[in-house]
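The next block holds one structure in the form of structure tokens; read it before the comments.
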Amino acid sequence: MSTSVKHKILFVCLGNICRSPAAEGVMRHIASREGLRGVEIDSAGTYGGHAGDLPDPRMRHAASKRGYNLTHRARRITEEDFDRFDMIIVMDDMNYENVHCLAPSREAARRIFRFMEFCRRHPDRTYVPDPYYEGHEGFELVLDLLEDGCEGIAEQILRKA
Ligand code: 4NP
């Protein structure tokens, strides 16, 4: 089975310091564990106020306890990202609306997906909640959802390979 097909995935949230850089870290880990070659993974935010920052220390701490080292520097999504990535995966409905407004064409807009579409173990949830104003359990919930959905993404890639 060939795993050399190119998959370019951009995870998007609001600030690019909590959910999407964690999704990037979880997806990198699973891609490496599953031997998925040729997968490119990045993340961005719809808001640029944290550009250049490392992920939030609370998210880095929660992620490191599960073995994920988050080193991404925050950046704002741009229209050019629609040329660079073939899946743009958003965390919630507000992200979806904002990314959709940025899409340069209808064809480009078809590359936007909601993260929860890929989850198998959380059928009651429709979005990945923003943990920024939450306690540590909010960060743990985000990581639970991200692990579920990133496994779903990996399965989809393996099915297509
Ligand atoms: P994220 O969380 O979208 O998961 O990175 C947030 C980070 C920062 C802010 C909001 C949400 N903020 O308002 O600065």
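Values quoted throughout were computed directly from the atomic coordinates according to the rules given, and no laboratory measurement underlies them. The shown structure was predicted, so the numbers you read here are calculated from the model rather than taken from an experiment. Positions of Cβ are generated from backbone atoms using ideal geometry, with glycine treated the same way; all protein chains shown enter the neighbour counts.
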Out of all the residues in segment 3-14, is one or more within 16 Å of the ligand (Cβ to nearest atom) and part of a loop (DSSP other than H, G, I, E, B)?
yes
Residue pairs meeting the criteria (Cβ under 8 Å; at least 6 apart or on separate chains; first more than 16 Å from the ligand (Cβ to nearest atom), in segment 116-138; second in a loop (DSSP other than H, G, I, E, B))
Cys119/Arg125
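Yes/no per residue for (1) more than 12 Å from the ligand (Cβ to nearest atom); (2) closer than 23 Å to Asp144 by Cβ:
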residue	(1), (2)
Ala62	yes, yes
Tyr68	yes, yes
Val90	no, yes
Met94	no, yes
Val99	yes, no
Please verify whether segment 125-134 includes one or more residues that are part of a helix (DSSP H, G or I), more than 26 Å from Glu34 (Cβ to Cβ) and more than 15 Å from the chain's Cα centre (by Cα).
no
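For segment 28-41, state whether one or more residues are within 16 Å of the ligand (Cβ to nearest atom) and in contact with a helix residue (DSSP H, G or I) (Cβ under 9 Å, 6 or more places away or on another chain). Let's see the steps before the verdict.
Pass one, segment 28-41, residues within 16 Å of the ligand (Cβ to nearest atom): none.
No.
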Among the residues of segment 90-101, count how many are free of Cβ contacts under 8 Å to residues at least 40 places away in the same chain and touching a helix residue (DSSP H, G or I) at 6+ places or on another chain (Cβ under 8 Å).
1
For Gly45, the lone unmet condition from (1) within 16 Å of the ligand (Cβ to nearest atom); (2) without any contact (Cβ under 8 Å) to a residue 24 or more places away in the chain is (2)
Per the filter on segment 18-42, residues hydrophobic (A, V, I, L, M, F, W, C) and touching a residue at least 60 places away in the same chain (Cβ under 8 Å) are Cys18, Ala22, Ala23, Val26, Met27, Ile30, Ala31, Leu36, Val39
For segment 48-69, check the following and say yes or no: at least one residue is crowded, with 16+ Cβ neighbours inside 10 Å and over 26 Å from Leu141 (Cα atoms).
no
Spans of strands (runs of 3 or more DSSP E) in segment 20-123 with at least 1 residues touching a Leu at 6+ places or on another chain (Cβ under 8 Å):
39-45, 87-90
